Structures are given as structure tokens and as C-alpha cells.
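Asker: Following this message is one structure expressed as C-alpha cells.
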Amino acid sequence: MRWLEQNICAFFNVFLPPPSFSLQPTHHLLHKSSSRYRVVIVIYVFTMAKLPLGNSVLRFCLAAVTIVLTSTTLSEAFSSRPTRCSSTSLFSESSNSGGYVEEYDDFANFSSTQLTSSSPTTSSTDTADVTSTVNNQEDNFLSSLQSRLQQVEDNSTRLPLMILDTMLPRQILQIQIQHPTLKALMKHRVNEETPTLGMLGMARLSTGQTVPLKTGVEVEIIQMEKATDSPPDNTSSSTAGGEEEGWDISLRAGRRFLIDGEVDKTEDGWTEARVKFLDSSEEEETEISSAMKGPSSTESIGDRLSVARAIQKCKEFTAPNMNMNGSLSLVDRWIELAKENERHPGQIDVLLKQLGEIPPEHEPTERALWVGALINPLPSMGVATEIRPALLVSKKAEERVQVALEGLLKSIRHMDGSQRLN
């Protein structure tokens, strides 16, 4: 029996020599699901059955039948194996009698034109027309995009102007409006999802004349609702539909700006202008860099140290001061005195909450603006001189710090009675 098994295996390996095939134990052949291997398995198992030793003739006959059937079956199976992959055999049934699925993917007959549309070939004229259409669409898109970008830029640097009161960053102004144009302006800005406008104040010249400032702040509409009551001096205007109702408006000041162009009046009745927003850090860096261009000049050397002196002076706002009661800083002493002179309880606490923490000393411009908003609150307390216009029009950080420092000292002297304001 062992001799017969060895001869069958030798026959498969010698006379049927496909590269990757040799007769292996039954458990290996079970992984082959094709019908040709099932025939081999059945014959192989049947032949390997242990027959009685006395039946030598029957053992010889069964071995011969096994060899013949196995040879015929496997020869047909291997003869149907393709020697080259066919482009039609990709995931398709074979036309041979066995009907097995071929497991090859061949792109020998594949053409890149099959990736294009199956419609008839486009002529060169049609191709030129399509290219021209695409180019026109791209040009239209780019033109529309540039127009939109220009519109966004114009909207971001163009503000409607409101001349009412000088404000500094962080301040909040609460007013009641009844004028139809102002109400239309507020409603328009809110509907456009740009609830901001420019706030300008007035400055008094040495001649006594008052003129609007060219420097202001951008204010945000943080509250807009119908007025619950009317001010005592209410002089509501009348329209065709009856009495004009008032609106309560709250405006919070933010970025400073400088009018950078002509001031125009819109068809809706309000004034608009193109503005340039100002950044304190950029202004101070520009001040230093411009001074460095002429280091040989005495004036340039002085300008170069201007920001450094402004930073040094800023320390006086919060540093302990021996001239103040309890060695308080100037800011703390002013707050202490202001709480004794506030017009209604809690006015200073609300003010400090609105302004937030005082900026650090290495930001002299921002710290000076914070001090100006502190001693000139809205509504006014009447305990300090008006320094907000001077802070807005000053060109250098040192000038702003000096204006704020002088205004703070005068206000403290006025409230403690050592030197009253005129």
C-alpha cells in the first residue's frame, strides 16, 4: 500500500509538471474548490483505502484505474489553463466545458480611450468651442470674485459716520434716538449684519469754534430696542403716520480710525467716509522705525527714545506714589476719590467692569486711552477736564501718556480739594 501511494505521487510530479502543483496530503487539496481537484481527492482517498492483503489482483486493478482516471482528469484541467491572460477573462466566466472562473486580470487590449465618453469622437471645432466656453466661464467667475472682494474691502473700510460725542475704546454710550434718519441707519447696519458705524466728536478751537474731529472710533450696536420711557426733554418729531417713537441704543467703542478720503452723503440721508483703522502697536513700531532712518540727527535720536520714555512714564499710573494717602498709586487714589463723588451708587464699579483690566505698561498708548476713558466716563462725572479729543488727535505715544497723566493728576487734586478745576 505504501509502495502504491509513492508511485502515484511520483506519477503526478513527473508526468504532470505544472510549476506550482505537486500532489500533497488531502488537507492541502481541500483548499482547492474547483471540481478538477475534487476528482483527484476522491480517487486518491479511494485508492489509499486499506484493502485486505489477500486481494492483490483487486488492489492492482484499482491502482491502474486510479492512474488512468487521474491522468485524464488532470490533463484536461491543466490543458484548459490559459498561458496568457485574456482581456475578456477579467471577472468573467470561461467558455470551456469546465466553466470555472479565471482569476487573472489582463489589460493587454485595454485602451485609454475607453475612459472617455462613448459618444462619437468630437471634432476639433467642437473642442475649440468647448474650450472657449470654459475660458469664458472662468473669466466670468474671476471677474465676479474680484468684484466681490472689492465690495468686501470697501465695506470693511467704509463707515457711516455719526457726530455725537467723543468716545475712547472700551467706553459704552447709551442714548435714545428718535430721528428717522438715525433709526434708518441703525436698522440698515443691523440688517446688513455689520452692526458698526463711526463715532466722531467735536473739538473746540482756540478761536472758540467747534469742528468735528477727523479721528474717531468704530462703535458696535450692542443693544437696540423700543424705548420704555422718554427723556424729560423729549421733543419727538411728528411724521405722517403720527408721533415718532424712540429707540434705546447702546454703543460700545472699539477700534480707532482716521478719515482717509472724501466724506459723502448717501441717498438715504446719512454720511459715509472711507477710513483707515489705527493699531497702537503698529503706530509705536512705525514711530521707532521712522526715527531709525536718520540716526545722525539730534531730532531723530530723541524720537527713537520717545516710546521708551512713554513706557517709563506709564509706570506712574500704577506704581505706589509717596505723595498719595497710603502710598496708593495714582489710579487707585482716583478710584477711591471718585467713589466718594459718584452720581449714583455703584457708578464706578460699573465703569471699571466696562473698561476691564488696565493694559500693561509696555503698551503705553492703550494704557493712556484706558486712563482717559476712566476719568472721562459716560455719562460725565464732572470731576476731570476733557482729554478724550486730545488723546485721539495725538500723534505719538509719549504725547498720549503725558495728556493722560496730567489729566489724572488734575482730577485727583480737584477731588481731594488741593486744587480745584476752574
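Asker: Quick check: at a probe of 1.4 Å, how many percent of the accessible area of the stretch 267-398 sits on carbon and sulfur atoms? Kindly include the intermediate steps, with their values, before the conclusion.
Answerer: On the way: 3510 of 6970 Å².
In the stretch 267-398, the share of accessible area belonging to carbon and sulfur is 50 percent.
Asker: Given the peptides 411-420, 358-367, arrange them by the average over their residues of other C-beta atoms within 10 Å, most packed first. Don't jump to the answer; show the numbers that get you there.
Answerer: Values: 411-420: 15.4, 358-367: 20.2.
Sorting 411-420, 358-367 by mean packing, highest first, produces 358-367, 411-420.
Asker: Here's something else I'd like to know. Determine, from the Cβ-Cβ distance of Lys214 and Met322 and an R0 of 35 Å, the FRET efficiency 1/(1 + (r/R0)^6), rounded to the nearest 0.05.
Answerer: Values: r = 41 Å, r/R0 = 1.18.
Efficiency for this residue pair is about 0.25.
Asker: Next up: Which pairs in the list Lys226/Lys353; Lys315/Lys353; Lys265/Lys313; Lys226/Lys276; Lys353/Lys395; Lys214/Lys410 are over 31 Å apart, alpha-carbon to alpha-carbon?
Answerer: Working: Lys226/Lys353 26 Å; Lys315/Lys353 22 Å; Lys265/Lys313 43 Å; Lys226/Lys276 33 Å; Lys353/Lys395 29 Å; Lys214/Lys410 27 Å.
Table pairs above 31 Å Cα-Cα are Lys265/Lys313; Lys226/Lys276.
Asker: Still on this model: Between Arg413 and Glu340, what is the spin-label point distance in nm, taking each point 7 Å from the Cα along the Cα→C-beta axis?
Answerer: If labels sit at Arg413 and Glu340, their model points lie 1.8 nm apart.
Asker: Taking a ≥ b ≥ c as the square roots of the Cα gyration tensor eigenvalues, with a/c under 1.5 meaning rounded and otherwise prolate when a/b beats b/c, else oblate, which class fits the stretch 294-405? Walk me through the numbers on the way to the answer.
Answerer: Details: a/c = 2.67, a/b = 1.86, b/c = 1.44.
The shape class here is prolate.
Asker: For Ser380 and Gln347, compute 0.36 nm times the residue count separating them, minus their Cα-Cα distance, and round to one decimal in nm. Mind showing how you got there, number by number?
Answerer: Working: separation 33, 0.36 × 33 = 11.88 nm, distance 1.08 nm.
My answer for the length gained is 10.8 nm.
Asker: Among 261-268, 179-186, 195-202, 208-215, how do they line up from the highest to the lowest mean number of other beta-carbon atoms within 10 Å? Show your work: numbers first, answer last.
Answerer: Details: 261-268: 10.0, 179-186: 16.1, 195-202: 19.2, 208-215: 12.6.
The packing order, highest mean first, is 195-202, 179-186, 208-215, 261-268.
Asker: Sticking with the crude label model, points 7 Å out along Cα→Cβ, report the distance from Leu305 to Gln137 in nm, one decimal please.
Answerer: Label-label distance for Leu305 and Gln137, simple model: 6.8 nm.
Asker: If you add up the charges near Glu282, with Lys and Arg at +1 and Asp and Glu at -1, over every other residue whose beta carbon is less than 13 angstrom from its beta carbon, what do you get?
Answerer: Numbers: positive: Arg255, Arg256, Lys276; negative: Asp279, Glu283, Glu284, Glu285, Glu287, Glu363, Glu366.
Net charge in that neighbourhood comes out at -4.
Asker: Search the structure for amide H atoms under 5 Å from the amide H of Glu386, placed 1.01 Å from N in the peptide plane, and list their residues when 5 or more places away or on another chain.
Answerer: Here the answer is none, since no amide H 5 or more places off falls under 5 Å of that of Glu386.
Asker: Please list the non-local residues whose amide H lies under 5 Å from the amide H of Ser329, H modeled 1.01 Å from N, same-chain partners needing a gap of 5 or more.
Answerer: Sorted by chain and number, the residues that satisfy this are Asn321.
The values are calculated or read from the model by the stated rules, or taken from the named source; none is laboratory data. Bear in mind that the values here come from a model prediction, so they are computed numbers and not experimental data. Positions of Cβ are backbone-derived with ideal geometry, glycine not excepted, and every protein chain shown enters the neighbour counts. SASA here: full protein model, heavy atoms, side chains in, ligands and nucleic acids out. Shrake-Rupley method; radii C 1.70, N 1.55, O 1.52, S 1.80 Å.
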